[in-house]
Amino acid sequence: RGLSRRRLAVVCGSHRRSRGARNSSAMAPCGGAVVVAVAALLGEVLAIRRPEVAKRDNTSLLDRTTEGTGGSMRKQLLTLKAVARCISADYHMPRTGHSERIKKDCGEDAYFVASPGSRAAVVGIADGVGGWSLDGIDAGEFAWGLMNKCQAVAESGEAWRGKRSTSAAADPSGATEGEKPAAKRLLKSCFSRLQLDEAEPPIGSSTAVLATLDRRTGVLTVANLGDSGAIVLRGDDGSVVMESAVQQHKFNWPYQLMISPVGDVGGDPPEDAEEYTVQVQEGDMIVLATDGVLDNIPRDFLVQLAAALRTADPGAIADQVVNIAHLRSKAPEDTPFSSRGRTAGLDVTGGKPDDITVVVARVERSPPEDEGGSREQEDCPRASSLSAIASRSVPRSKATPRTLTATHSGWVVA
């Protein structure tokens, strides 16, 4: 009875909802802390070895500290343990070598997993629009150019560098609004640099999804332009706390960033990207996927799969997602793509052969000695070809009659 009491904080279901988020499932039930008279050693085990109970709260991560050797106090930062996987569509010829720009054979898809800095951890994906192949242009060059530029800007921290505020009342982290990591601002910055910094900017267009985690506050922002997407799942119960919406001008005609060979025409500006904000917690999972995943795996099945595997290694989750999407792309059963195609008046059945890319990231706390966090970036294996897809016509989807054609004066069809 002489032992000091420890309070166990329990999350009581209050959390910020992001714009466009689906209804969240109930969080852990509210309950008072139960104080048990136990040995001091067991008390330490409960407090230190059970962070999901003892440290799960709604306070700013900037205010959370851990007592180091000699009583020194150090800030705890969050990071993303992220893994990328991709499969190039069977209708692509394998890339015989990788250029300085194209790092992996993901077909016309691309991705990046940036090395976390002291302020932000960032990941992203892009899907090059295949209609450019009708004019002999490799949209993968554009997608990789965009992702490489985003990675460079993210790792430099230039997108959120600004004058620091000394007023804690304005922002507990001491950062100005312009300094806070934000995915949409990063997308605007890296696309502008792609246009201006390159001696020969890559011609083409792509969709894009960026996710930026503020390592101090735990605020995640997601910017989505086009028909790729992002889903954020709560780590403790698998509920969906954020889901991006598809941006299309019409069926199979996504919003896209573009550099045209005939000047500044066509495409959609990065300002048109939808931005979502959500407060994440340790253990939450972020899934970014190109339409090769989302067009072949029903949304509810993808959520159930990710939720069921949420405690597994991110690489294992990513492997399952790309393999299932690849199998369904060849199957005769209905897919989200074929269902939407028929709604649009097209005779579309079965799966959609396409490049498939996914980034799976788990929110983790960095070890005190590791200010940079951790990351993992895996090779993108090319799936073994089960059959040649030669009867379809539109290069990206390979599943739509050629009723729409590529154009340099507007958007490019998928």
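The values are calculated or read from the model by the stated rules, or taken from the named source; none is laboratory data. Fair warning: this is a prediction, and the values are worked out from it, not measured in the lab. With ideal geometry, Cβ positions are generated from the backbone for all residues, glycine too; neighbour counts draw on all protein chains shown. With ligands, DNA and RNA removed, areas are computed over all heavy atoms of the protein, side chains included. Shrake-Rupley method; radii C 1.70, N 1.55, O 1.52, S 1.80 Å.
Overview of results
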item: Listed residues ARG362, ARG193 arranged by accessible area, highest first, probe 1.4 Å; result: ARG193, ARG362
item: Computed accessible area, HIS92, all protein chains, 1.4 angstrom probe, square angstrom; result: 40
item: Heavy atoms of THR212: accessible area, 1.4 Å probe, square angstrom to 10; result: 0
item: Computed log₁₀ I(q)/I(0) - Debye formula, equal Cα scatterers, no solvent, segment 281-324, q 0.13, 0.22, 0.25, 0.34 Å⁻¹; result: -0.26, -0.73, -0.93, -1.47
item: Residue order for THR207, THR96 - accessible surface, 1.4 angstrom probe, largest first; result: THR96, THR207
item: Whole-percent carbon and sulfur share, accessible surface of segment 212-311, 1.4 Å; result: 52
item: Average accessible area per residue (Å²) across segment 191-323 - probe 1.4 Å, nucleic acids and ligands excluded; result: 31
item: Accessible surface of GLU158 - all protein chains present, 1.4 Å probe, nearest 10 Å²; result: 80
item: Sorted peptide list for 139-151, 119-131, criterion being average Cβ within 10 angstrom, highest first; result: 119-131, 139-151
item: Of LYS81/LYS188; LYS104/LYS330; LYS149/LYS184, those spanning more than 19 Å from alpha-carbon to alpha-carbon; result: LYS81/LYS188; LYS104/LYS330
